[in-house]
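What follows is a short report on a single structure.
The values are calculated or read from the model by the stated rules, or taken from the named source; none is laboratory data. For clarity, every value in this text was computed on a predicted model and none was experimentally measured. Neighbour counts run over all protein chains shown; Cβ positions are idealised from the backbone, glycine included. Heads up: the accessible areas ignore ligands, DNA and RNA and are worked out on the full protein's heavy atoms, side chains in. Shrake-Rupley method; radii C 1.70, N 1.55, O 1.52, S 1.80 Å.
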Amino acid sequence: MKTKILIAVFTLLSSFSLNAQQKGIIGTNNWMTNWTNFKPANTEYNEATNIIAGTIDKDTKLLKRNTYQLVGVVYVTNNATLTIEPGTVIRGDDKSCGTLVITNGAKIMAEGLETDPIIFTSNKEVSQRKPGDWGGIIILGKAPINTLGGIHILPFDLEPMLNHYGGADSDDNSGVLKYVRIEYSGRKLSALKELNGLSLAGVGRKTVLNNIQISYSNDDSFECYGGDLNMTNLVSYRTTDDDFDFTQGAQININNSIAIRHPFSSDVSGSRCFEVDSYDKISNTDMTKKLTKINASNITLINLEENNQGLVRESVYVRENTLFNLSNSIVSGFTPFVLLEGNIGNGDANLAKLTFKNVIVNNCNGGITSESSASNTAIQSYYNNVSTGIEYTKNKNTELFTSPNIKGNPDFRININNTLAIGN
């Protein structure tokens, strides 16, 4: 009996040790199988049988047997809960910019299954779908933000009385998004502003956010305005702007997630996997409140075009007064790896806010650099310390990842034959 127990303990510890060392997304199986879709332009969805419009002010359930058309801006209000059955398809109306807003105090319970995900997508025909066909999903919560006054509104021309977020409740609960796909969102509202695939504004940590794929968004895939969240198993695919954007004092733990970029889907104005800042303007910010702090672990950031012609630039952009930690991760195919706002400078006190531990930087043209080139020598000296565990490599994606062919059933976990990737 003791022998069996010892064997079991050893096996458990060995498994834990291996996972602790592995870089990039992990899992005993390819967790993207079944529920993701990397070819949504080829997927036929049923025509809408039901219309969702106006305001939902009482508990409501959407059923898998129906296909819904989201018309105009639909608000869930009055502390109501919108429940969505696994397998339900909601198609955003292009003419009226279908958009779903979960207002402060309301909830969305969109808990799909691995074999039956919930899908938000375009209402257009297969041959006509494109990024920005409809709006997206917006969730407004009561968790802290660092904007002056602690309450703010989003710049999306929403109903003024319903467009507010922020507060003092880090444990605020806006519901569940699990095994959900969001496709072709991000309608352009003006020359300077588009909606995101998923906008999370002041959302609290009791909200469950995992196994979410956002594909072909016309702006950011995931954007957090303040709030306090744990996010896992996120997939951002071919977004036009940023994959993960954090601001207004967001406190985020993001784990086991992937951003997959392609130059033909990138905005020439500057698109990154991570864009991280604490504020838009310091004059609008309460500097006694928390700065944005992002802990990102087991992250894979990949540019599918290995012969990068300059359309995909840095994988991470960090602005001043921001804390960003990236660990046990793989970054492949960017120019450069990280770009720091010039205001950060090259002093140890500011650079200590940004840590990179056990990261493979593969086929990147440049390491950690600054917008102020005069700072680069000191910055590179700071981060080239052996203790950081940054490894610069020149591997093909097919060598680094298990099966990076996006046209098949992609598996972006580490290639077990690549000893660098598993930390040996």
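Brief remarks on what is shown
- Charges were assigned to the Cβ only: +1 to each Lys and Arg, -1 to each Asp and Glu. The resulting dipole of the chain about its Cα centre is roughly 960 debye.
- Centre separation in Å (Cα based) which lies between the stretch 88-129 and the stretch 145-174: 22
- Contact order, relative form, for the stretch 153-264: 22 percent (alpha carbon pairs under 8 Å, 6 or more residues apart, mean separation divided by residue count).
- Among 44, 114, 320, the residue with the largest mean-square fluctuation in a Gaussian network model of the chain, with springs joining Cα atoms closer than 10 Å, is 44.
- When 243, 94 are compared by accessible area of protein heavy atoms, the largest-first order is 94, 243, using a 1.4 Å probe.
- What the phi angles of the stretch 174-182 give under the Karplus curve with 6.51, -1.76 and 1.60, with θ = phi - 60°, is a coupling list of 9, x, 9, 10, 9, 6, 10, 10, 10 Hz, glycine and proline written as x.
- Between the amide H of residue 176 and those of 108, 109, 110, 208, distances stay under 5 Å, these residues lying 5 or more places away or on another chain, with hydrogens modeled in the peptide plane.
- Given +1 at the Cβ of Lys and Arg, -1 at the Cβ of Asp and Glu and no other charges, the dipole of the stretch 336-420 around its Cα centre is 260 debye to the nearest 20.
- Percent of beta bridges antiparallel (DSSP, the chain, rounded to nearest 5): 5
- Among 305, 183, 275, the sequence by solvent-accessible area, most first, with a 1.4 Å probe is 305, 275, 183.
- Under the Karplus curve 6.51 cos²θ - 1.76 cosθ + 1.60, θ = phi - 60°, whole-Hz ³J(HN,Hα) for the stretch 70-80, x wherever Gly or Pro sits: 8, 10, x, 8, 9, 9, 9, 10, 6, 6, 6
- Mean separation of Cα pairs under 8 Å and 6 or more residues apart, divided by the residue count, gives the chain a relative contact order of 11 percent.
- Among 285, 28, 412 the positive-end extreme of the charge dipole of the chain (Cβ point charges): 28
- In terms of its C-alpha gyration tensor, the stretch 69-131 comes out oblate, because a/c is 1.5 or above while a/b does not outweigh b/c.
- Between the stretch 349-369 and the stretch 178-207, the alpha-carbon centres lie 28 Å apart.
- Sparse-neighbourhood loop sites, chymotrypsin sites (Phe, Trp or Tyr not before Pro) in the stretch 318-420 - DSSP loop, at most 16 other Cβ within 10 angstrom: none
- Relative contact order, percent, the stretch 308-361 [alpha-carbon distance under 8 Å, six or more residues apart]: 46
- Packing order of peptides 205-217, 46-58, highest average first: 205-217, 46-58 (average count of other Cβ atoms within 10 Å over each peptide's residues).
- Estimated vicinal HN-Hα couplings, Hz - the stretch 212-218 in sequence order (Karplus 6.51, -1.76, 1.60; Gly, Pro = x): 10, 10, 10, 10, 6, 6, 7
- With all protein chains in place and ligands, DNA and RNA left out, the 1.4 Å accessible area ranks 64, 193 as 64, 193, largest first.
- Accessible surface for residue 130 stands near 100 Å², nearest 10, in the context of the full protein assembly shown (1.4 Å probe).
- Surface composition of the chain: carbon plus sulfur atoms hold 51% of the accessible area, using a 1.4 angstrom probe and ignoring ligands, DNA and RNA.
- Angle between the chain longest axis and helix 2-21 axis [Cα atoms, degrees, rounded to 10]: 80
- Solvent exposure of the chain, expressed per residue, is 42 Å² of accessible area, with all protein chains present and a 1.4 angstrom probe.
- Note on residue 200: accessible area approximately 0 square angstrom, rounded to 10, probe 1.4 Å, nucleic acids and ligands left out.
- Size of electric dipole in the stretch 55-114: Cβ of Lys, Arg +1 and of Asp, Glu -1, about Cα centre, debye, nearest 20: 140
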